[in-house]
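The values are calculated or read from the model by the stated rules, or taken from the named source; none is laboratory data. Note that the structure is predicted; figures quoted are calculated from it, not measured. Cβ placement follows ideal geometry from the backbone for every residue including glycine, while neighbour counts extend to all protein chains displayed. Protein only, heavy atoms only, side chains kept; ligands, DNA and RNA dropped before computing areas. Shrake-Rupley method; radii C 1.70, N 1.55, O 1.52, S 1.80 Å.
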Amino acid sequence: MSFWTELREKLAADPQRPRYHFLPPANWMNDPNGPLFWKGKYHIFYQHNPYAAFHGGSTGTIHWGHAFSEDLVYWKHLPVALAPTPDGPDKNGIFTGCAVDNSGVPTILYTGISPEVQCIATSNDDMITWKKHDRNPVIDSPPKDLEVTGFRDPCVWKEKDDWYMLIGSGIKGIGGTSLLYRSKDLIDWEYLHPLCIGDGKNTGDMWECPDFFPLGNKHVLLVSVWRRWWNFYFIGEYIDHKFQPRVQRNLDIGGCFYAAKSMADSRGRRILFGWILEGRSTSAQWASGWSGVLSLPRVLSLHEDNTLRMEPVTELKVLRGKHHQYKNLHVTTTSSSLLKDIQGDCLEIIAQFDPEDAKEFGLKVRCSPDGTEQTLIFYNSASKSLNVNRERSSLSPEVDRYEQGGPFELASDETLKLHIFMDRSVIEVFANAQACLTSRIYPSRTNSLGIGLFARGGSVKLKSMDIWEMRSIWE
Ligand code: DQQ
């Protein structure tokens, strides 16, 4: 059997590999790159090592993988879009960037390394093959008068006749920033100024993967904080090419969601994707032959309090199979049994709780019958936080066990709606469309499939719970 056939069979049989989240045919992926709605199709590129399940740093391993979808649910793989050119400015790797429609010419702007320089490539066959520009790199160094912590991940948009570009960066000793450039033709760029500068202590000293777009009557800046694995979003006013952030929040409180990037589609929606990181050792990733998953597409809109509303795209409903429903259950400290007629590792769950006096309440998922494996997804009313407890998620020594979560506050008398997508090792939670929490678990027992409800320090009422068994996107 050939190496690739053997790998494909191994991946198909892997019980941890998600079935309805996009991921490459094999090996490594990290950041989503250059999402673009082009001729009725959603295109997504991604950081990809096609040869093994590790990143490889600046050793020339990182390419741009490519796929498209007609509905944001079912994806088709396309050939690798960009590979390092030996002796070119990207010989050590094709890092993150964006894609734009330049009057009918799909154009990618990306970072070549090392050193970090900005490059451009175009396609004249509807994005199947790409030609790198002869004048690469189009920006060969950071602004001379700045001492920067990094210089990568261009994000480009058009205003009237001018193109604007943000480059992820940081000013040494001050904090993360996004550097703003302007161009008439995407080739010759003039440096303007930092769009805004963070405070290093709170928001980190290097902002990777900036993403900047209008939403309602505001603008949103997304940044990924280098080495901290957090994405912040800032909402504020964009006036005279300066951005004044008014609101700052964590885009995902789980800790397994990074390098978020968005696109606008023909329905006027702003759709967000992120890289779902692994929660297992690097040796476990190498041995499995795959690493990294794309998040489900999230629709962003502006909440009345100027924070983000985040919801899964409604197209995902086509994946719903068998339906189970529960209503009006009173959950107390002693109700610990698992639900009888439902179990699974690929489920969509919508649970609505009316909090009573419980200090903590929520769901237990991926439970083995004897409880040796189980994962808790819960609200803590004392610390006002949403969390995933992975202490007993797996018997394997190779996985992360620490709790994940962060601030999320219910108003008094507010119902908690947890919209949960479980896809084998992936958990994505949307709470009241206001907070998202992405986590990873790797149960080791084949019978860790049970679901239950729990309350601690009081009781809670489950108003309703709908569960669907989810189909695979690849069959
Ligand atoms: N990943 C890319 C960089 C980016 C980082 C390299 C963020 O371009 O800054 O794979 O995860």
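Some notes on this structure:
- Considering segment 124-149, and only residues there that are among the polar types (S, T, N, Q) and over 13 Å from residue 187 (Cβ atoms), the residue that is nearest to the ligand (Cβ to nearest atom) turns out to be 149.
- Test: residue in segment 389-396 that is basic (Lys, Arg), closer than 21 Å to residue 357 by Cα and modelled with pLDDT of 95 or more: no
- Breaking point among (1) in contact (Cβ under 8 Å) with a residue 40 or more places away in the chain; (2) open to solvent by less than 10 Å² (accessible area, probe 1.4 Å), for residue 187: (2)
- The set of residues from segment 322-358 being open to solvent by 100 Å² or more (accessible area, probe 1.4 Å) and closer than 11 Å to residue 454 by Cα comprises 330, 334.
- Only listed residue being in contact with a Gly (Cβ under 8 Å, 6 or more places away or on another chain), over 28 Å from residue 294 (Cβ atoms) and surrounded by fewer than 15 Cβ atoms within 10 Å (Cβ to Cβ), chosen from 200, 173: 173
- With respect to the conditions (1) crowded, with 21+ Cβ neighbours inside 10 Å; (2) within 14 Å of the ligand (Cβ to nearest atom); (3) farther than 28 Å from residue 347 by Cβ, residue 32 lacks only one, and its number is (3).
- Residue in segment 181-192 that is small (Gly, Ala, Ser) and assigned to a helix (DSSP H, G or I) present: no
- Subset of segment 200-216 (residues that are touching a residue at least 40 places away in the same chain (Cβ under 8 Å) and away from the ligand (no atom under 16 Å from the Cβ)): 213, 215, 216
- Scanning segment 57-81 for residues that are part of a loop (DSSP other than H, G, I, E, B) and within 16 Å of the ligand (Cβ to nearest atom), we see that the one that is surrounded by the most Cβ atoms within 10 Å (Cβ to Cβ) is 62.
- Residue among 473, 467, 451 that is of a type in the set (A, V, I, L, M, F, W, C), open to solvent by less than 40 Å² (accessible area, probe 1.4 Å), in contact with a strand residue (DSSP E or B) (Cβ under 9 Å, 6 or more places away or on another chain) and in a loop (DSSP other than H, G, I, E, B): 473
- Condition met for residue 89 (touching a Leu at 6+ places or on another chain (Cβ under 9 Å) and closer than 28 Å to residue 193 by Cβ): no
- So residue 195, is it assigned to a loop (DSSP other than H, G, I, E, B) and open to solvent by less than 10 Å² (accessible area, probe 1.4 Å): no
- Considering residues of segment 150-161 that are surrounded by 13 or more Cβ atoms within 10 Å (Cβ to Cβ) and either more than 11 Å from the ligand (Cβ to nearest atom) or of a type in the set (Phe, Trp, Tyr) (or both) only, the residue nearest to residue 113 (Cα to Cα): 151
- Exactly one residue among 167, 139 is under 20 Å from residue 46 (Cα atoms), crowded, with 22+ Cβ neighbours inside 10 Å, in contact (Cβ under 8 Å) with a residue 40 or more places away in the chain and more than 19 Å from the chain's Cα centre (by Cα), and that residue is 167.
- Segment 113-146: number of residues that are closer than 28 Å to residue 56 by Cβ, out of contact with any Cys (no Cβ under 8 Å at 6 or more places or on another chain) and in a loop (DSSP other than H, G, I, E, B): 14
- Taking segment 75-92 as the range and being closer than 23 Å to residue 295 by Cβ and not hydrophobic (A, V, I, L, M, F, W, C) as the test, the residues that pass are 76, 77.
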